[in-house]
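First the structure, in the form of structure tokens, and then the observations on it.
The values are calculated or read from the model by the stated rules, or taken from the named source; none is laboratory data. Note that the structure is predicted; figures quoted are calculated from it, not measured. Every residue, glycine among them, receives a Cβ derived from its backbone with ideal geometry; neighbour counts consider all protein chains shown.
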């Protein structure tokens, strides 16, 4: 069964670059390069091949083939992950790309759910169901390019998590291929269900290490009737944190409360000027949705709260102004590359009322080290994207940057938080996982990994620290 | 370490009936009897002892003791479970009761969560946090007596699941004692978190077979400003199902849509007359919550929908009328014992738009067999409590009753549903689990059980069919 291997640069490659077991596959160097890195900026090892299966059966055949030939399987959505979870770490690996499995298979408007293939783009799903007045809330900043399969692998969040929860809250059923090639189904067609152990939630956030998702049923909501966006600016960073706490403590749940600090505002204005104010320390983007009356009431309360915290607040006049504000928020991450060539992206989360404390500690870390730290994120959830900007070619900066990472995590854990809110662990955070997860819990996780994948062929080297 | 054993009736008992390792314990026959059955009506085996630990450390010591002495550990909340999950099946067992671990340890009003011990009563928790205008939604019918630990062990639901989700949606962190006596923590202080595998959700719904919960952090919401209850009656059972589908398809999410069929109305009226209408085939209790304006708007739409389905609808005038309606709903289960001595309680769930079909099939099953079937439950979630009323001393009825169970499950699975919505599997449904969970998935579940509890001392014989 194994195709004849020829040497191709320093890796083995399939002689026939086009098909393996009828499945589209390539070992052209250009393809191998493209599929060996992701948004973490981390470069992996060129794999043996990249495959583009078209259905569950082809995934099964690939996994069986990999199994027989001791090849690793690296499942990959759109490569927008920031922790290196989708990059190959050995040449004896096949990357499975889901670019040919992106269909919306079924919309069940009566029971409010859809069945999709894992390669479907989050934003495309959202647009397609909108015509049915349906709504899939999880909205990572990369929603126009990231895939639902990848979202599930990392339990992705997004601004709307504050009101609507994260990806986990919308996954009803997963069809997955196990390391032995068996196809399993976890979850079901109904939201309620208590029949044995929760295999579905074990897959969510497992970063491709327990099984390869091939079909997914997602729960939907009705599209909110209306929504509005408020922009509040603060000349004091901590005041913005206080405003967030007060809003959350009021009986209002905005659909989003996003924070941008001074550095992120400047970064966006330098990259794609949209007229964000330049003389402020922090900015909150607050979105409300629901029916028009309740939005109006809630907006009034929020204006009062922001004013009481010395904030300056305005409402987006129309849809274009609103889109501009959200575009600014979503542009932060790419904009940061214009400041420094290397961005160490962290994704910490602290209890909501600790945000001000955390922001103050981040500023202190930046001032003491002389390294720029840009903070933004989902303030309502206590989830801050901490970006440490360095030039990795500058050895001193590189060392300092990684010292800061550890200090940020230490501060996070001290405040009762978590080192990853919605990005997962991948390879970049694997060295730190035991700061948060204790030994016996890690043993259980490794035991589960071993149960699901005794040969260790599914995305090895991710999540767990190499022992 | 092992205390001297004396023979006590047909079981071994601890010589000192009061303390073991400083922990309150009893092997008095009266205690053993009380802790050997639950609401399933199923009688277990008298265990060796019942213990009442007061803290995590005492649970650890009990588990270590059980481990050294090859005794099974049977964790038990209030024994309100309907599947026999908390009853001992061998005399070499210690029942751990959480009656001495029912403290509300901490209320964090800023971050909207509480820490509780597993033995706290659901209804007591709800009342205590109400003074802070906080809200814990999961509300099983037994809320005034059932414990949070038991709710988590079965992933309990309740009427409010329609809008607010089930127990799983509110558990943030679990401290648990493993079979080897190690204490682990799963989840965390923040809602968002993606750090390794989801050990927390694996505990939820595990029915005491993976670990013993000793502390729990629960997420809370703000108490809704207002609420109202509507009562709709239908002279045609299927019309009530249609009304449910139409309500769910409208852009309204009631906090509950509960269904009672003719038999359950009659049963309640015979048990505790509250003046429910007697000449109808079905009744829906619809609850709305939120602000007064939106409740008013939504109520008008629901009235129109029910009228369009030939329903007769009224609004509860005041709080006492409302409480009466809900008391009726919560009395169904005890009321059924007045009809027949044995009640086989099932808890199926089907996709919402299949409710009418399912109700029709249940009626047909009842008519064909001559066995009374009483159906009620959480119609908005497709979750129907099917009660098959027999006298188990009548052998023919007993056999027929169990034939009906299998037929009900077959119909449920055919409609894409699940054999347990919120009660779990325990021992009563264990013989049927493979109707829903396929072989490879069951293997994974058993593998997880073996990883967590290699000696099989934690609540053995539950969930999985004896092989």
| said: Residue under question is residue B:275, and the condition is that it be closer than 30 Å to residue A:203 by Cα and either in contact (Cβ under 8 Å) with a residue 12 or more places away in the chain or more than 8 Å from chain A (Cβ to nearest Cβ) (or both); does it hold? | reply: no
| field | Some residue of the stretch B:176-186 being in contact (Cβ under 8 Å) with a residue 40 or more places away in the chain, part of a loop (DSSP other than H, G, I, E, B), touching a helix residue (DSSP H, G or I) at 6+ places or on another chain (Cβ under 8 Å) and more than 11 Å from chain A (Cβ to nearest Cβ) | value | yes
| remark: Filtering the stretch A:76-96 down to residues that are touching a helix residue (DSSP H, G or I) at 6+ places or on another chain (Cβ under 7 Å) and either surrounded by fewer than 22 Cβ atoms within 10 Å (Cβ to Cβ) or outside any loop (DSSP other than H, G, I, E, B) (or both) yields A:94, A:96
| field | Hits in the stretch B:110-124 (condition: away from chain A (no Cβ under 14 Å) and without any contact (Cβ under 8 Å) to a residue 40 or more places away in the chain) | value | B:120, B:122, B:123, B:124
| message | Residues to consider are A:242, A:233; find the one that is in contact with a helix residue (DSSP H, G or I) (Cβ under 9 Å, 6 or more places away or on another chain), within 14 Å of chain B (Cβ to nearest Cβ), over 22 Å from residue A:138 (Cβ atoms) and not in a loop (DSSP other than H, G, I, E, B). | response | A:242
| How many residues does the stretch A:242-264 hold that are more than 30 Å from residue B:289 (Cβ to Cβ) and in contact (Cβ under 8 Å) with a residue 60 or more places away in the chain? | 5
| task | Any chance you could count how many residues in the stretch A:434-450 are within 9 Å of chain B (Cβ to nearest Cβ), in contact (Cβ under 8 Å) with a residue 12 or more places away in the chain and within 22 Å of residue A:90 (Cα to Cα)? | result | 1
| message | Considering only residues that are under 30 Å from residue A:247 (Cα atoms), under 17 Å from the mean Cα position of the chain (by Cα) and part of a loop (DSSP other than H, G, I, E, B), which ones fall in the stretch B:97-144? | response | B:136, B:137, B:138, B:139
| Can you find even one residue in the stretch A:306-320 that is within 14 Å of another protein chain (Cβ to nearest Cβ), surrounded by fewer than 20 Cβ atoms within 10 Å (Cβ to Cβ) and under 29 Å from residue B:220 (Cα atoms)? | no
| query | So which residues in the stretch A:451-467 are at negative phi and either within 8 Å of another protein chain (Cβ to nearest Cβ) or under 25 Å from the mean Cα position of the chain (by Cα) (or both), if there are any at all? | reply | A:451, A:452, A:453, A:457, A:458, A:460, A:462, A:464, A:465, A:466
| request: Could you check, for the stretch A:370-393, whether at least one of its residues is assigned to a helix (DSSP H, G or I) and at pLDDT 95 or above? | output: no
| Could you count how many residues in the stretch B:201-222 are outside any loop (DSSP other than H, G, I, E, B), more than 7 Å from chain A (Cβ to nearest Cβ) and farther than 17 Å from residue A:157 by Cβ? | 9
| query | In the set A:348, A:344, which member is closer than 30 Å to residue B:172 by Cα, in contact with a helix residue (DSSP H, G or I) (Cβ under 7 Å, 6 or more places away or on another chain) and either within 14 Å of another protein chain (Cβ to nearest Cβ) or part of a loop (DSSP other than H, G, I, E, B) (or both)? | reply | A:348
| Since residue B:99 meets every condition but one in (1) surrounded by fewer than 23 Cβ atoms within 10 Å (Cβ to Cβ); (2) within 29 Å of residue B:385 (Cα to Cα); (3) modelled with pLDDT under 95, which condition does it not meet? | (3)
| message | Can you pull out every residue in the stretch A:424-433 that is in a loop (DSSP other than H, G, I, E, B) and at the interface with chain B (Cβ under 7 Å from one of its Cβ atoms)? | response | A:424, A:425
